[in-house]
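The values are calculated or read from the model by the stated rules, or taken from the named source; none is laboratory data. Just so we're clear, the structure is a prediction, and the values are computed from it rather than from any experiment. Glycine gets a Cβ as well: all are built from the backbone with ideal geometry, and neighbour counts include every protein chain shown.
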Amino acid sequence: MARDGAVGKATFEQVEALTKQGKSKTEAFAQIASDTGRNRGTVAANYYRVARASGAVKPRKRRAKATKTASTSRTSTSRGAAARNGSDITSLSNDLVKSVTALADAVKQQQAEVTALRVRLEGVREAIG
């Protein structure tokens, strides 16, 4: 069988037509799969292959692969693990300092607002009485 992309193009056009009628892509994939006897995943794969090639959708970002496997992580040096832990502790302590500083600033601002409100209250009390 020739692999000229005709099935993918036809699938793409069918899905686009069904989505213009108000169906979701998932519903369109399911309908086309049942109409043609193909797997829903195959229909979706054909659609997205053509869609990416035509620029209709952006390719998904790939996840970064793990750099270490379970067997290599067990053999890592303690020096490397200590450096990572030290980095984590430094990061955590920096975050903690930022949080405490922000809390202290908020308390100072609140104290200033309370002082201003007390001054206004005293002014109201003197005016009343």
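Numbers at a glance
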{"quantity": "Enumeration of residues in segment 9-27 that are touching a residue at least 40 places away in the same chain (Cβ under 8 Å) and among the charged types (D, E, K, R)", "calculated": "Lys9"}
{"quantity": "Subset tally (residues that are in a loop (DSSP other than H, G, I, E, B) and either at positive phi or at pLDDT 75 or above (or both)) for segment 54-103", "calculated": "10"}
